[in-house]
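Student: Sending over a structure as structure tokens; questions will come in a sec.
The values are calculated or read from the model by the stated rules, or taken from the named source; none is laboratory data. Keep in mind that this is a model prediction, so the values were computed, not measured. Cβ coordinates were reconstructed from backbone atoms using ideal geometry, including for glycine residues, and neighbour counts include every protein chain displayed.
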Amino acid sequence: MTTKRILYVVDDEAIVRASITSLVEAHGDFECREYSSGDSFIASLDGHEPGCVVLDLQLEGLSGRAVMQALSRRSNRFRMIVITGFGDFTTAIEAFQAGAVDFLYKPYEMRPLLDAIDRGFHLLEHGVEPPLLVAEAKLRLSRLNPAEARVLAGLVAGQTNQDIAKAMGLEPRTVQVNRARALAAIEAPSVLAAIRTATVAGWPDAGSRWR
């Protein structure tokens, strides 16, 4: 059995697969295995060696979502980083709830992709997020007041501003203000970045106390 970390690259664009393979193999001791469709990857899924998967959601044939759900049921053997050029916020939430390590929009910077891959292998090999990242994420989340934390917990759960407002008995505008303050407090440039921080810290479990 190979001692290299195995990265499966599932994308229907050859140039994307080649780019990721070149980048990752230059980054460390990795073996990249490329697949041009969800069907070809899934066909022998249970025979694949454990590893991380960079998965494009827009695939011909079997959809990326179907592959994502199959991987979600095998999180002890695979960790996935989802990439897409057409996803929305709801899709990102769906990916995180399915166990994605990260969700990146195309075109993405290579550093976040490499960081996500490193996190994925740490989770696969140790069962937990890297301790320093967890400590930093928890420190940032500790800056939130209860209302801000409740709003962020709702976002992590996939709730809309209207859903959160109804649950908290607030006006939607007040929820928007708390959301903006929450992002500023944890130094998140976007809602997706805030959800990423919460996920590293162990939410939604950690955030459930605010619901």
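Student: At pLDDT below 95 and either in a helix (DSSP H, G or I) or crowded, with 17+ Cβ neighbours inside 10 Å (or both): which single residue out of Arg65, Arg79, Arg74 fits that description? Quick ask: steps written out before the conclusion?
Tutor: Numbers: Arg79 fails: at pLDDT below 95; Arg74 fails: either in a helix (DSSP H, G or I) or crowded, with 17+ Cβ neighbours inside 10 Å (or both).
After ruling out the rest, the residue left standing is Arg65.
Student: While we're on this one: Kindly evaluate Ala165 against the criterion of being hydrophobic (A, V, I, L, M, F, W, C), within 14 Å of the chain's Cα centre (by Cα) and not assigned by TED's automatic domain parsing to the domain that holds Pro50.
Tutor: no
Student: Could you list, ordered by first residue, the pairs with Cβ atoms under 8 Å in which the first is in the range 162-182 and under 14 Å from Ala194 (Cβ atoms) and free of Cβ contacts under 8 Å to residues at least 24 places away in the same chain and the second is in a helix (DSSP H, G or I) and among the small types (Gly, Ala, Ser), at least 6 apart or interchain?
Tutor: These pairs meet every condition: Ile164/Gly154.
Student: Here is a check on your reading of the model: is Ala194 crowded, with 22+ Cβ neighbours inside 10 Å and in contact (Cβ under 8 Å) with a residue 60 or more places away in the chain?
Tutor: Values: crowded, with 22+ Cβ neighbours inside 10 Å: yes; in contact (Cβ under 8 Å) with a residue 60 or more places away in the chain: no.
Criteria not met by Ala194.
Student: Quick check on the range 28-57: of everything there that is crowded, with 16+ Cβ neighbours inside 10 Å and assigned to a loop (DSSP other than H, G, I, E, B), which residue is nearest to the chain's Cα centre (by Cα)?
Tutor: Out of the qualifying residues, it is Leu57.
Student: Does Phe96 fit the bill of being hydrophobic (A, V, I, L, M, F, W, C) and in contact with a strand residue (DSSP E or B) (Cβ under 6 Å, 6 or more places away or on another chain)? Walk me through how you get there before you give the answer.
Tutor: On the way: hydrophobic (A, V, I, L, M, F, W, C): yes; in contact with a strand residue (DSSP E or B) (Cβ under 6 Å, 6 or more places away or on another chain): no.
Taking the combined requirement at face value, the residue does not satisfy it.
Student: Would you tally the residues in the range 14-27 being within 21 Å of the chain's Cα centre (by Cα) and of a type outside the set (A, V, I, L, M)?
Tutor: 4
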